[in-house]
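This report refers to the structure that appears directly beneath it.
The values are calculated or read from the model by the stated rules, or taken from the named source; none is laboratory data. Keep in mind the model is a prediction, meaning the values are calculated, not measured. Neighbour counts run over all protein chains shown; Cβ positions are idealised from the backbone, glycine included.
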Amino acid sequence: MKHFLDPTDFTLQELDEVMNRALDIIANRAKYADVCHGKKLATLFYEPSTRTRLSFTSAMMELGGNVLGFDSGQNSSASKGESVADTVRTVGCFADIIAMRHFKEGSAQVAGEFSPVPVINAGDGGHSHPTQTLTDMLTILREVGRFDHLTIGLCGDLKYGRTVHSLIKAMQRYEGNRFVLISPVELRLPEYMKNELGDNYVEVTTLEEAMPLVDVLYMTRIQRERFHEPEQYERLKNSFVLDMPKMNLARKDMIVLHPLPRVNEIAMEVDPDPRAAYFRQVENGKFVRMSLIYNLLNWQDKPRHIEHPATPTDKDCTNDRCITHTEPVEKRAYTDANGVLRCYYCDHAF
Ligand code: CP
């Protein structure tokens, strides 16, 4: 069973295939109008969403398929205590493919282990959001023309920002990419991710320092829903605001991305600037999800690509947001390339 739970579930060649298929869909819409006739996508969203859920729905409709699902755990039997494992086993009786967003980190991995049909991770807590990464990558490809030798600035909540984690994981696989990390000290990128970047990053505390350096600036919102202490969110929420004086410090051919929703981290005066690519990015999300659904349904005879085989341990994950504390799974960990013991489900370093 081939799922898409993490950007590294696909080889670079498979990612190329997804991108090329998306470009072909954009150029030949009519060719794909019926390719999923008779197929059903289930969208299981335990967390709010506008872009991801509706773009999956729109994508499947444009491929000629049908969509069923729920947009809140409260409207499903999760409200009666049903596990993710049992839910996907049930939904797999009704649908050919599942896109799931859940607030627990590692939930997508659990869904993939129990589902009888392919699972797409549409966001698992603060951990990962790989289809947003496909959206970001298609936008970079269409706007910049390449995935390598880029300087990518990532600004905002780098601790809880799952879109940031997935984008870094994906882009660090391409040669010559460097990262400029722009965040408050309290919301810096997790140490395990910085270890994996080696010397290929710098950390700065102001947007002004980063603007002249970057080919791509990836703005993110401070994630209010991930904070344990509301007063910390209030203190940090306006840490970075991209406005025209800061845009004037940047190169003429750079682009600004944002997974959206924005709160106030990009001033509306930036929107008409041709470098502001975030609404073009939204539309790319639909095309790349069409490509992903089409490819996954056609790739089910391929072996799943796993970069980090798990080594069973008897240790409990120490991340209180991890799915392993609430689902009937083995609590397994593995050792990463730097010798750090990490949770197989949520990637948290012990
Ligand atoms: N980018 C993104 O995930 O947006 P939604 O939360 O609206 O789906």
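Does ARG289 satisfy being surrounded by 14 or more Cβ atoms within 10 Å (Cβ to Cβ), outside the structural domain of THR139 (by TED's automatic domain parsing), closer than 18 Å to GLY123 by Cα and within 22 Å of the chain's Cα centre (by Cα)?
yes
Return the residue satisfying two criteria in turn: it lies in segment 68-86 and is part of a helix (DSSP H, G or I) and either in contact (Cβ under 8 Å) with a residue 40 or more places away in the chain or not assigned by TED's automatic domain parsing to the domain that holds VAL119 (or both), and of such residues it is farthest from the ligand (Cβ to nearest atom).
In this case the residue turns out to be ALA85.
Return the residues of segment 36-67 that are basic (Lys, Arg) and either outside any strand (DSSP E or B) or within 16 Å of the ligand (Cβ to nearest atom) (or both); say none if nothing qualifies.
LYS39, ARG51, ARG53
Step by step: first the residues of segment 9-23, then only those that are part of a helix (DSSP H, G or I) and under 20 Å from ILE97 (Cβ atoms), then the one that is nearest to the chain's Cα centre (by Cα). Which residue is that?
ASP9
Scan the helices (runs of 4 or more DSSP H) fully inside segment 213-329 and keep the ones with 1 or more residues being within 16 Å of the ligand (Cβ to nearest atom).
Working: elements: 230-236, 244-247, 278-298.
The qualifying helices (runs of 4 or more DSSP H) are 278-298.
Given the structure, is PHE114 surrounded by fewer than 24 Cβ atoms within 10 Å (Cβ to Cβ), in the same structural domain as SER291 (by TED's automatic domain parsing), within 16 Å of the ligand (Cβ to nearest atom) and farther than 14 Å from ASP347 by Cβ?
So PHE114 does not fit the description; no.
In segment 93-103, which residues are surrounded by fewer than 24 Cβ atoms within 10 Å (Cβ to Cβ) and within 16 Å of the ligand (Cβ to nearest atom)?
PHE103
Looking only at residues in segment 140-163 that are of a type in the set (Val, Ile, Thr) and either within 12 Å of the ligand (Cβ to nearest atom) or assigned to a strand (DSSP E or B) (or both), which one is surrounded by the most Cβ atoms within 10 Å (Cβ to Cβ)?
Ranking the qualifying residues of segment 140-163, first place goes to THR163.
Please go through segment 87-123 and give me each residue that is part of a strand (DSSP E or B), touching a residue at least 60 places away in the same chain (Cβ under 8 Å) and β-branched (Val, Ile, Thr), ordered by number.
Passing the criteria: ILE97, VAL119, ILE120.
Identify the single condition in (1) more than 22 Å from ASP124 (Cβ to Cβ); (2) surrounded by 13 or more Cβ atoms within 10 Å (Cβ to Cβ); (3) under 24 Å from the mean Cα position of the chain (by Cα); (4) touching a residue at least 12 places away in the same chain (Cβ under 8 Å) that ASP243 does not satisfy, given that it satisfies every other one.
Evaluating ASP243 over (1) more than 22 Å from ASP124 (Cβ to Cβ); (2) surrounded by 13 or more Cβ atoms within 10 Å (Cβ to Cβ); (3) under 24 Å from the mean Cα position of the chain (by Cα); (4) touching a residue at least 12 places away in the same chain (Cβ under 8 Å) leaves (3) as the failure.
Going residue by residue through segment 178-197, is there one that turns out to be in contact with a strand residue (DSSP E or B) (Cβ under 9 Å, 6 or more places away or on another chain), acidic (Asp, Glu) and either more than 20 Å from TYR278 (Cβ to Cβ) or crowded, with 20+ Cβ neighbours inside 10 Å (or both)?
yes
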